[in-house]
1. Considering each residue of the stretch 16-28, count those that are open to solvent by 80 Å² or more (accessible area, probe 1.4 Å) and in a loop (DSSP other than H, G, I, E, B), and give that number.
2. Please list, ordered by first then second residue, the pairs with beta carbon atoms under 7 Å, 6 or more apart or interchain, first in the stretch 191-219 and within 20 Å of I75 (Cα to Cα), second modelled with pLDDT of 70 or more and part of a helix (DSSP H, G or I).
3. Can you tell me which residues in the stretch 29-68 are touching a helix residue (DSSP H, G or I) at 6+ places or on another chain (Cβ under 6 Å), closer than 23 Å to G124 by Cα and surrounded by fewer than 15 Cβ atoms within 10 Å (Cβ to Cβ)?
4. Is it true that some residue in the stretch 131-142 is in contact (Cβ under 8 Å) with a residue 60 or more places away in the chain and hydroxyl-bearing (S, T, Y)?
5. Would you pick out the residues in the stretch 213-267 that are under 30 Å from L130 (Cβ atoms) and either among the aliphatic types (A, V, I, L, M) or outside any helix (DSSP H, G or I) (or both)?
6. Please go through the stretch 95-130 and pick out each residue that is without any contact (Cβ under 8 Å) to a residue 60 or more places away in the chain, within 21 Å of L23 (Cβ to Cβ) and of a type in the set (D, E, K, R).
Amino acid sequence: MANTLQYLLSRNLSGVYRDPQRLIRDVETLQKTSLGRNLNPTTEPLTSNDGSVTPSVLVLNGTLPMVYRNVTYNIPIDLYLPPQYPQRAPIVYVRPVSSMAIKENHRHVGRDGMVYMPYLHEWGAQTHDLRELCVWMSSLFGSEPPCYARPAGAPRVNAASSVAASYGSRPPAYAQATQSTTNTYSPYVAASSNNNNRSREAEEQERRKQQQIEKEVAEANLAAKIAREESLKEAKLKAEQSRLQKDHEEKLSSMRVMATSKVEYELQVVFRDAKDDLRVTLKNQKLLDYGKEEIQQLLKEGEE
């Protein structure tokens with residue numbers, strides 16, 4: 001799996017991602033969990049809802065497990081990683097197979113299969129990752145499944161046609177992909193709790209899967225809480241450091257002003273004292289010269 005990812009990034013997606021090492025780390029971490037082991041990397045273009053098309057990007061397609069009424073279901077999804085990842089949030093679509101349909105007016109899944117949820121809306125490069133995203137999706141889908149079994153004989157709605165009505169004659173790539181790739185996904189699996197022939201081993205396996213998912217949800221919530229607390233602590237620490245730095249600079253500036261004023265005053269005193277000493281010295285020198293002249297005059301008069 002890691003080799004496939006490395007190959008896609010080096011050959012098909014060279015230069016597409018700003019932070020390929022972060023992308024590799026997040027994908028590999030997800031694939032090591034029970035939620036991500038059935039998500040396989042591939043590449044295809046991404047068409048946004050505004051009709052703009054990006055070059056090929058990395059896509060994780062496969063199934064995401066969820067637990068609904070003590071039964072494990074596997075939801076087919078496409079998880080697109082845009083070129084700006086992790087600065088920009090992933091884009092996720094639910095891809096129901098031919099026997100399934102997307103639930104109308106679902107709180108977190110649009111008619112086109114696009115997933116909307118607070119975790120994506122609040123996405124942050126330093127606080128969010130793919131593993132927690134899948135934990136949140138599994139938990140939300142378990143509370144409200146995005147798909148239901150289509151009644152036997154009911155006509156299938158053409159997903160590409162319904163989306164094309166909003167975008168003109170050419171539907172977005174994700175709508176086209178629904179038709180062309182449906183058969184490549186793992187089936188939407190449901191283990192019936194009413195099956196009297198279900199073995200104890202299967203029941204134990206389902207229970208362990210549920211416990212594993214609940215554990216990962218709890219760990220993700222705890223990690224998110226710790227990350228938020230650490231972020232708040234870091235912000236407070238930075239604010240305190242900024243305040244201390246400002247106080248330190250103000251004190252240094254005040255000390256410089258005081259030191260400059262003191263030096264100027266002491267220099268003025270020194271110059272004043274030196275000026276007074278020079279004045280006294282000149283006066284004494286003048287008196288001495290005058291005395292010499294008087295003595296010489298007297299000596300001259302005595303000789304005459």
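1. Taking the stretch 16-28 and keeping what is open to solvent by 80 Å² or more (accessible area, probe 1.4 Å), we get 18, 21, 25.
Add one more test, that the residue is in a loop (DSSP other than H, G, I, E, B), and what stays is 18.
Result for the stretch 16-28: 1.
2. Taking only residues 6 or more apart or on different chains, the pairs are I213/S138; E216/V135; V217/V135; V217/S139.
3. Selection gives T29 alone.
4. Keep residues of the stretch 131-142 that are in contact (Cβ under 8 Å) with a residue 60 or more places away in the chain, which gives 131-132, 134-139, 141-142.
Subsequent filtering for residues that are hydroxyl-bearing (S, T, Y) retains 138-139.
Yes: one or more hits.
5. Listed by number, the residues that qualify are I213, V217, A218, A220, L222, A223, A224, I226, A227, L232, A235, L237.
6. E122, the sole residue that qualifies.
To keep it simple, each residue is scored yes or no on (1) in contact with a Leu (Cβ under 6 Å, 6 or more places away or on another chain); (2) open to solvent by less than 90 Å² (accessible area, probe 1.4 Å); (3) at pLDDT 85 or above.
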| residue | (1), (2), (3) |
| --- | --- |
| N195 | no, yes, no |
| E204 | no, yes, no |
| A223 | no, yes, no |
| S231 | no, yes, no |
| E249 | no, no, yes |
| M255 | no, no, yes |
| K283 | no, no, no |
| G291 | no, yes, no |
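The values are calculated or read from the model by the stated rules, or taken from the named source; none is laboratory data. Everything numeric here is computed off the predicted structure, so don't read it as measured data. Glycine also receives a Cβ, built like all others from the backbone with ideal geometry; neighbour counts cover every protein chain displayed. Remember, those area values only see protein heavy atoms, side chains included, never the ligands or the DNA or RNA. Shrake-Rupley method; radii C 1.70, N 1.55, O 1.52, S 1.80 Å.
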